[in-house]
Amino acid sequence: MTDNTYIVIPAKDEATRIAKVIYDVKRQGFQQILVVDDGSSDGTGDVAERAGALVYRHSINLGAGAATQTGIEAARKNGADFIVTLDADQQHFPEDIPLLLNKLKDGKLDLVIGNRFMGGDNKIPLTREILNGIGNIVSWMASGVWVHDSQSGFRAFTAEFAEKSPLTSDSYEFAIEMIRYVKLHKAKLAEVPIKVKYTKETMAKGQNLLSGLRMVSRVFRLF
C-alpha cells in the first residue's frame, strides 16, 4: 500500500521538468505528491498543480533545506507514515522509490539514503564526486556516522523519525543535519544503490565547489 507514503519534491524554477517527474512518480503507484515551490519565477507551482500535485509555495527563495522541511511538515500533517524526498530536475529516477521504501520497511529502519556511487553504472561528474567526498568527511565529523553518499537528496524515512528530527538548515547542509539526527536518536540507517542522470541543465543547479565550501563553513558554525 502506498496511501500512507508521501513524496516530497522541493522545486525552484523547474516548470519545464516538474510535470514529468510527477507523472513518473504516479506511474509507480504513488498519488500523495507534495511539491514545494521555493520562490520560483517560472510558474513551477502552477505546472505542478496541473500535473496533480499538492503545492506549497514560498513567496521568496528560502533554500533547499527550508523547502524540504516545509514538505516534510506538510506530509506529516497530512498523515504520512513514510516520506520520500527526491529532486525536481529529473536527476533521480522515481522507479527507484520502491527500492528505498522496501529497504526502509523490511529492515525496520528509520532512514534510507539513495546512494549514487553504489553499483558503478552512473556517470557522475568529477565536481560532484569531489563535493560528495568533502561532504562525507564533514558529515562524519559532525555526526560520527559514515555515509557514502551524504549529499544525496533521494531519501526515504519514517514520519516518526522526521517528527523528532526537524531541519533547521535552510541550504544544502540539511542533508548532513539529517544524518546527525541518526546519531543523536540512535536511529537505524542504510543506503541503497540508485540510478542518477546528469545533464547540462542539472549541473547548472545544485552545488558547485564554491557553494560546497560555503556549506562546510555553515556546517561547522551550526554544529
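The values are calculated or read from the model by the stated rules, or taken from the named source; none is laboratory data. The model shown is predicted, which means the values in this text are computed figures rather than measured ones. All Cβ positions, even for glycine, are placed from backbone atoms using ideal geometry, and neighbour counts span all protein chains on display.
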Identify the residue in the range 60-104 that is outside any helix (DSSP H, G or I) and of a type in the set (D, E, K, R) and, among all such residues, is farthest from Val196 (Cα to Cα). Asp81
I'd like to verify a number: residues in the range 92-115 that are touching a Lys or Arg at 6+ places or on another chain (Cβ under 9 Å) and buried (at least 24 other Cβ atoms within 10 Å of the Cβ), how many? 6
Being among the β-branched types (Val, Ile, Thr), modelled with pLDDT under 95 and within 16 Å of Pro98 (Cα to Cα), is that true of even one residue in the range 2-25? yes
Return a yes/no flag: does the range 119-138 have any residue that is within 18 Å of the chain's Cα centre (by Cα), of a type in the set (Asp, Glu) and closer than 19 Å to Thr85 by Cβ. no
Members of the range 22-70 found to be in contact (Cβ under 8 Å) with a residue 60 or more places away in the chain and on the phi > 0 side of the Ramachandran plot, listed by number: Gly63
Is one or more of the residues making up the range 147-159 part of a strand (DSSP E or B), closer than 24 Å to Lys183 by Cβ, in contact with a helix residue (DSSP H, G or I) (Cβ under 8 Å, 6 or more places away or on another chain) and charged (D, E, K, R)? yes
How many residues of the range 186-215 are at pLDDT 60 or above and touching a helix residue (DSSP H, G or I) at 6+ places or on another chain (Cβ under 7 Å)? The answer is 6
Can you confirm whether the range 155-174 contains a residue that is touching a Leu at 6+ places or on another chain (Cβ under 6 Å), over 20 Å from Leu86 (Cβ atoms) and at pLDDT 85 or above? no
